[in-house]
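Structure first, commentary second.
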Amino acid sequence: MIMTGPEMEAPTRVKRLTDSSIINVDPNRNPHLYLRSGRELIRNAASYQEDGQTEHAYMLYMRFLTIFLDKIRTHPRYNEIPPSERKLMSDYCNKILPQAEYLKKELLKKYEKEHAEYLVHVELLEKRAEELRRKEAKEARERAARETPKSRPHPAVGGFANIPSLRNDEDLFVPNPDALVNLTPGLPMHGAWTDPHDIKCYVDAMELAEKEANAGPSPSAPPQGPSTIPTPSVDRSTKPDRFMTPMSSGLRPIVVPTSLATQFLRLAQANNARNVETCGVLTGKISGARLIITDLIIPKQTGSSDTCAASNEMEIYDFQDKYNLITLGWIHTHPSQTAFLSSVDMHNQYGYQVMMPEAIAIVCAPKHNQTGTFTLTPEGMDEIGNCRASGFHPHAKGLFGEAQHYTLDPSVSVKVHDLRN
Ligand SMILES: [Zn+2]
Ligand SMILES: [Zn+2]
């Protein structure tokens, strides 16, 4: 999972983002299709930029550059791409490079500011913890002094007041960068004392004080022992939550027409009866800060009981270009199985999600009366992106989940385009 946060220095944070933009080219995918989907990538990046979502915009531009400046050349069928298309690719890259550079500078500025704010925040937290710790130690000492009778000297050193290092606050702690780590309630931290002997005396004195406090109410001391004093605990390895930014966040909401699944299932009825899967492409438009599914395209396809694939992807792109429809995901049936994403489905969804982070996969399982609306989790994007296997193969659990950024809207209608006829 890609986590970036202001605890990281700005250049490291930008590098993380850049590294996570890199994707591999699938050697089994028609190289022509990369150019077509590359155009969508640019469109999506531009729309993120308009929305002020600089990180997503930068990642998509970098993804485009990675594919067309580098990865596509390793495609086994690269030579099949005609020179005119290669020229088009390099023209696109020339336009996008300065754009990506500009966004990178903007991100560096933003991250530098956030990192500076973070350091101030951490310093404040540490200062506060240090103050509380001093206060607690002082109170504990005072209580121990009150509760230790002068007539009963400490067996080891002849009395608490005789421990030189415990005489005042200044002597109690030595500055130590590790002092805030693993702060244990009621006890000094590892590394905060100069002499192990002092620790033993301190612990002995505290135990004695606790025993006396527990023996009965004392007019001169509160009833609780030192171990009940709440002590702040600051651990540098645990960052404040509000600073962490998983890259899965910032997705624009996607509106799914309520009637979509029903309409799709009607078209899939004949295939369902033969236990053959049916698939469709979800397309639509960007409206303000939302994505709306307005058109369902059923492409020419081949299917089996557990697979389904478009047989002419170019036709889908042509159709989308003609009506200016952007790709928002896909839908398919599981005629006999439940609603989930198989390994083949996850690889398919990966292809959609790298181009459009909001893309969803809807699975209709009529036999089980289930409809699932899924996306790959950040872990899923990592694992599937690095997997070169094809066909059905095992994968870890938890790589996909119910999408959190979609809403069903009964007021939106969907147009169906069945290209099979
Ligand atoms: Zn499936
Ligand atoms: Zn895989």
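The values are calculated or read from the model by the stated rules, or taken from the named source; none is laboratory data. Model, not experiment: these values are computed from the prediction. We place every Cβ from the backbone using ideal geometry, glycine too, and count neighbours over all the protein chains shown. Accessible surface areas use protein heavy atoms only, side chains included; no ligands, DNA or RNA. Shrake-Rupley method; radii C 1.70, N 1.55, O 1.52, S 1.80 Å.
Okay, residues lined up against (1) at pLDDT 95 or above; (2) more than 16 Å from ligand 2 (Cβ to nearest atom); (3) over 18 Å from the mean Cα position of the chain (by Cα); (4) closer than 18 Å to LEU260 by Cα:
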residue: GLU379; (1), (2), (3), (4): no, no, no, no
residue: ASP382; (1), (2), (3), (4): no, no, no, no
residue: ARG388; (1), (2), (3), (4): no, no, yes, no
residue: GLY391; (1), (2), (3), (4): no, no, yes, no
residue: PHE400; (1), (2), (3), (4): yes, no, no, no
residue: ALA403; (1), (2), (3), (4): yes, yes, no, yes
residue: TYR406; (1), (2), (3), (4): yes, yes, no, yes
residue: SER411; (1), (2), (3), (4): yes, yes, yes, yes
residue: VAL414; (1), (2), (3), (4): yes, yes, yes, yes
Practice task
Can you tell me which residue within segment 330-343, out of those that are in contact with a strand residue (DSSP E or B) (Cβ under 9 Å, 6 or more places away or on another chain) and within 16 Å of ligand 2 (Cβ to nearest atom), is most open to solvent (accessible area, probe 1.4 Å)?
Solution key: PHE340
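Could you go through segment 243-257 and let me know if any residue there is more than 25 Å from the chain's Cα centre (by Cα), buried (at least 16 other Cβ atoms within 10 Å of the Cβ) and at pLDDT 95 or above. Don't jump to the end; show me each part of the working.
Initial filter on segment 243-257 (more than 25 Å from the chain's Cα centre (by Cα)): 257.
If we keep only those that are buried (at least 16 other Cβ atoms within 10 Å of the Cβ) as well, we get 257.
Pick out the ones that are also at pLDDT 95 or above and you get 257.
Yes.
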Practice task
Looking only at segment 263-285, decide whether some residue is part of a loop (DSSP other than H, G, I, E, B), over 27 Å from GLY385 (Cα atoms) and within 16 Å of ligand 1 (Cβ to nearest atom).
Solution key: yes
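Here is a yes/no grid of residues against (1) open to solvent by less than 70 Å² (accessible area, probe 1.4 Å); (2) without any contact (Cβ under 8 Å) to a residue 24 or more places away in the chain; (3) not β-branched (Val, Ile, Thr):
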site	(1), (2), (3)
ASN369	no, yes, yes
THR373	yes, no, no
CYS387	yes, no, yes
HIS393	yes, no, yes
PHE400	yes, no, yes
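From the residues in segment 298-319 that are of a type in the set (A, V, I, L, M) and closer than 23 Å to HIS393 by Cα, which one is farthest from ligand 1 (Cβ to nearest atom)?
Step one: filter segment 298-319 for residues of a type in the set (A, V, I, L, M), giving 298, 309-310, 314, 316.
In the following step, the residues that additionally are closer than 23 Å to HIS393 by Cα were identified as 309-310.
Values: ALA309: 11, ALA310: 14 Å.
In this case the residue turns out to be ALA310.
Looking only at segment 70-90, count how many residues are closer than 17 Å to PRO27 by Cα and either acidic (Asp, Glu) or in contact with a Cys (Cβ under 9 Å, 6 or more places away or on another chain) (or both). Even if it seems obvious, please write down each step before you answer.
Our first condition is that a residue be closer than 17 Å to PRO27 by Cα; within segment 70-90, this holds for 70-81.
Okay, now just the ones that are also either acidic (Asp, Glu) or in contact with a Cys (Cβ under 9 Å, 6 or more places away or on another chain) (or both), so 70, 80.
Selection size over segment 70-90: 2.
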Exercise for the section: Test LYS135 against the stated conditions and say whether it is farther than 15 Å from TYR58 by Cα and surrounded by 12 or more Cβ atoms within 10 Å (Cβ to Cβ). Expected result: yes
Exercise for the section: Kindly indicate whether LEU88 is touching a residue at least 12 places away in the same chain (Cβ under 8 Å), within 22 Å of GLN320 (Cα to Cα), open to solvent by 30 Å² or more (accessible area, probe 1.4 Å) and in a helix (DSSP H, G or I). Expected result: yes
Handout entry: Search result, residues across segment 330-379 that are under 18 Å from HIS393 (Cβ atoms), small (Gly, Ala, Ser) and more than 12 Å from ligand 1 (Cβ to nearest atom)
Key = GLY351
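Filter segment 305-322 down to the residues that are crowded, with 17+ Cβ neighbours inside 10 Å and away from ligand 2 (no atom under 16 Å from the Cβ) and list them by number. Reasoning before the result, please.
Of segment 305-322, the ones crowded, with 17+ Cβ neighbours inside 10 Å are 307-308, 310, 313, 316-317, 319-320.
Matches in segment 305-322: CYS308, ALA310, GLU313, ILE316, TYR317, PHE319, GLN320.
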Exercise for the section: Check segment 278-293 and report whether any residue there is modelled with pLDDT of 95 or more and either open to solvent by 20 Å² or more (accessible area, probe 1.4 Å) or within 16 Å of ligand 2 (Cβ to nearest atom) (or both). Expected result: no
Practice task
Please enumerate the residues belonging to segment 9-41 that are farther than 19 Å from GLU383 by Cβ, open to solvent by 20 Å² or more (accessible area, probe 1.4 Å) and within 23 Å of the chain's Cα centre (by Cα).
Solution key: GLU9, PRO11, THR12, LYS15, THR18
Exercise for the section: Hey, can you tell me all the residues within segment 345-361 that are at pLDDT 95 or above and touching a Gly at 6+ places or on another chain (Cβ under 7 Å)? Expected result: MET346, ALA359, ILE360, ALA361
Practice task
Among the residues of segment 281-299, count how many are farther than 18 Å from THR373 by Cα and of a type in the set (S, T, N, Q).
Solution key: 1
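Kindly indicate whether any position in segment 354-367 is small (Gly, Ala, Ser), farther than 24 Å from LEU265 by Cβ, outside the structural domain of LEU41 (by TED's automatic domain parsing) and within 16 Å of ligand 2 (Cβ to nearest atom).
First, pick out the residues of segment 354-367 that are small (Gly, Ala, Ser): 359, 361, 365.
Retained after the next criterion (residues that are farther than 24 Å from LEU265 by Cβ): none.
Among the residues of segment 354-367, not one is small (Gly, Ala, Ser), farther than 24 Å from LEU265 by Cβ, outside the structural domain of LEU41 (by TED's automatic domain parsing) and within 16 Å of ligand 2 (Cβ to nearest atom), which makes the answer no.
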